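The values are calculated or read from the model by the stated rules, or taken from the named source; none is laboratory data. Since the structure is predicted, the reported quantities are computational estimates derived from the model, not experimental observations. Here the Cβ is made from the backbone with ideal geometry for all residues, glycine too, and neighbour counts use every protein chain on show.
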Amino acid sequence: MPLRVIAGTAKGRKLKLVPGDTTRPIMDRVKEALFNIIGRNIYDAVFLDLFAGTGSVGIEALSRGAAKAVFIDMERKAVQTVQENLLLAKLSDKAVVRQGDALKVVSQAPSSLFNFVYIAPPQYKNLWVNVLQKLDDNPAWMNPDTRFIVQIDPTEETTLELKRLETTDKRKYGNTLLWFFGSKPQPADSQPKQE
């Protein structure tokens, strides 16, 4: 089935695939399920597509009403494909596309406050674990309004020891698992009160 935008202003637009076999495009039914879960919270949201690939998830977010999407991928071919797909969807004006290493990105402070961080790295390399650990170690990313969404094969699921992040939802669709995280409420600063 061709890759396409499912709903919103760019509904029905066909998107290009990244040349080669390094990316795994999300299935339509998983993408539909994802945005059903996000619901109205996508309106005016700022969306980070961290292993962008074709850009299909971030483009869907923009099509459905997100204010801005940032796309990051290490592969030059993927970056070019995202740029071409944004033009096809007529959504380039709301997007920032960067070639970069996701692990480096999450080790630094975020470029803006993101409402959604979508993490769908190449399979079976434990990259999602490394990214989530780095996010968990970086308080600059922790915000009560940020949702982190991991897309992996269910066989990649493993137990994580997280200090700042907690599971808020988990859904399985065939050979795809969507795992949602939010930041834990942190205890208030335990400074002794002034008498």
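Region 146-185 holds strands (runs of 3 or more DSSP E) entirely within its bounds, and those carrying 1 or more residues that are β-branched (V, I, T) and in contact with a Leu (Cβ under 7 Å, 6 or more places away or on another chain) map to 147-152.
For region 80-91, the criterion of a residue being in contact (Cβ under 8 Å) with a residue 40 or more places away in the chain, over 22 Å from D169 (Cα atoms) and not in a helix (DSSP H, G or I) is satisfied by at least one position.
State yes or no: is V18 touching a strand residue (DSSP E or B) at 6+ places or on another chain (Cβ under 7 Å) and of a type in the set (V, I, T)? Give the steps one after another, and end with the answer.
Values: touching a strand residue (DSSP E or B) at 6+ places or on another chain (Cβ under 7 Å): no; of a type in the set (V, I, T): yes.
Judged against the criteria, V18 is not a match.
All of (1) in contact with a Gly (Cβ under 7 Å, 6 or more places away or on another chain); (2) touching a residue at least 40 places away in the same chain (Cβ under 8 Å); (3) closer than 24 Å to T168 by Cα; (4) surrounded by fewer than 23 Cβ atoms within 10 Å (Cβ to Cβ) hold for Y43 with one exception: (2). Filter region 114-128 down to the residues that are in contact with an Asp or Glu (Cβ under 8 Å, 6 or more places away or on another chain) and over 19 Å from P25 (Cβ atoms), then identify the one that is modelled with the highest pLDDT. Residue satisfying both the conditions and the ranking: N115.
Checking the stated criteria, V117 turns out not to satisfy the condition of being aliphatic (A, V, I, L, M), touching a residue at least 24 places away in the same chain (Cβ under 8 Å), in contact with a helix residue (DSSP H, G or I) (Cβ under 6 Å, 6 or more places away or on another chain) and closer than 14 Å to F51 by Cβ.
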